[in-house]
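A.B. asks: I have a structure here, written as structure tokens, and I will follow up with some questions on it.
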Amino acid sequence: MSAISEKKVEWPAMEVPSPVTAAKKEMENKVVGQEESKELTMETASKFDNYKFAPIRESTVSREMTVRYMKDLYDYAESDVIIVGAGSAGLSAAWELSKNPHIKIAIIEQSVSPGGGAWLGGQLFSAMVVRKPAHLFLDELKVAYEDKGDYVVIRHAAMFTSTVLSKVLERPNVKLFNATSVEDLIVKNVNGQKRVCGVVTNWALVTLFGHDTQSCMDPNTLEAKVVISCCGHDGPMGGASIKRCKEIGLVDEIPGMSALDMNTAEDAVVHGTSEVVPGMVFAVS
């Protein structure tokens, strides 16, 4: 027999409510919660009982929008840099370049909503996976993430895209022209060499639908010292600029998109981003 005497443990009495009592209590709590919520809602709503916007004329709204847009078109008709495409690559390029306040940057985006495919991760999932050392860019933007060692995970891709978009648009030397398409390139003979000197633009709806239905839908133009193509990888919406360069003889061959290998491809995008033709940088591999 053990020398250690056994001592009976006396547990404190605990009242175990019956299922009926528990259900009743839960219902009472729910009713109380609903009443509190109702009072809070009514209190909040009452603040807007006499809410009224300041008066404005429709013509004032029209003039405020029109004069600013037309001034931007006038000012950016001759830019230092034109970025084609406002996805993750285009916005990142604009962020970095606009740190120099003397560089005037115009971003052209065909969609009404900029951001490209960076609002979601792969296969329309929410999270965005970012391989190090690209997390340093997220630190600079102050985008929160979960550190997983060799990579980080942003809870929702939109956290990155909305942040970089808003910060880029806050810069006074950047103008985004969305709902605008780049239909062609301006190419001139400079010192005996063909050089991209700007872009030919039009309203996106005209580009997509107008040319086949209207007799004359002439475009507009924006000149630049450098054009950066961030149209995305080859596909239904991507690779437009490099395809046009091949059509007009600025490049002989387009290798096309190979099969997936993240460890090879993502490094190649960085290494391959360069001035492929005089005056034009391609943010592609």
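Quick note: the coordinates plus some simple rules give every number you see, no bench work behind them. These figures come from a predicted structure and were not determined experimentally. FYI the Cβ positions are ideal-geometry reconstructions off the backbone, even for glycines, and counts take in every protein chain you see.
A.B. asks: What is the packing order of peptides 150-159, 89-98, 121-130, 74-83, taking the mean over residues of other C-beta atoms within 10 Å and listing the highest first?
C.D. replies: On the way: 150-159: 16.1, 89-98: 21.9, 121-130: 13.6, 74-83: 18.5.
Per-residue mean Cβ counts within 10 Å order the peptides as 89-98, 74-83, 150-159, 121-130.
A.B. asks: Checking the a/c ratio against 1.5 first, then a/b against b/c, what shape does the Cα gyration tensor give for segment 27-179? Working shown, then result.
C.D. replies: On the way: a/c = 2.86, a/b = 1.22, b/c = 2.34.
Taking the square roots of the gyration eigenvalues as a ≥ b ≥ c, segment 27-179 is oblate.
A.B. asks: Using θ = phi - 60° and the Karplus relation 6.51 cos²θ - 1.76 cosθ + 1.60, list the HN-Hα couplings for segment 257-267 in order, rounded to whole Hz, with x at every Gly or Pro.
C.D. replies: 9, 8, 6, 6, 7, 4, 5, 8, 5, 5, 5
A.B. asks: Next question. Quick check on packing: order 265-273, 182-190, 195-203, 56-64 by the mean number of other C-beta atoms within 10 Å, highest mean leading.
C.D. replies: Working: 265-273: 12.9, 182-190: 17.0, 195-203: 21.0, 56-64: 9.3.
Ranking the peptides 265-273, 182-190, 195-203, 56-64 by packing returns 195-203, 182-190, 265-273, 56-64.
A.B. asks: Placing one identical point scatterer on every Cα of segment 112-223 and ignoring solvent, what is log10 I(q)/I(0) from the Debye formula at q = 0.09, 0.15, 0.22, 0.23 Å⁻¹?
C.D. replies: After summing over all Cα pairs, the log10 values are -0.42, -0.86, -1.11, -1.16.
A.B. asks: Also, I was wondering about something else. Can you classify segment 84-129 as rounded, prolate or oblate using the Cα gyration tensor, where a ≥ b ≥ c are the square roots of its eigenvalues, rounded means a/c under 1.5, and otherwise it's prolate if a/b beats b/c and oblate if not? If you can, show how the numbers build up before the last one.
C.D. replies: Numbers: a/c = 4.28, a/b = 1.89, b/c = 2.27.
Because a/c hits 1.5 or more and a/b fails to exceed b/c, segment 84-129 counts as oblate.
A.B. asks: OK, next. Could you sort out which of Lys142/Lys188; Lys47/Lys142; Lys167/Lys225 sit more than 31 Å apart by Cα distance in this structure?
C.D. replies: Working: Lys142/Lys188 42 Å; Lys47/Lys142 35 Å; Lys167/Lys225 24 Å.
Where the Cα-Cα span goes over 31 Å, the pairs concerned are Lys142/Lys188; Lys47/Lys142.
A.B. asks: Please work out how much length the chain gains when fully extended from Ala259 to Arg63, using 0.36 nm per residue of separation minus the C-alpha to C-alpha distance, in nm with one decimal. Mind dumping the intermediate values first?
C.D. replies: Values: separation 196, 0.36 × 196 = 70.56 nm, distance 5.10 nm.
Gain on extension, Ala259 to Arg63, equals 65.5 nm.
A.B. asks: Taking R0 as 41 Å, what's the FRET efficiency between Leu120 and Ala54 from their Cβ-Cβ distance, rounded to 0.05?
C.D. replies: Numbers: r = 38 Å, r/R0 = 0.94.
Taking R0 as 41 Å, the efficiency between Leu120 and Ala54 is 0.60.
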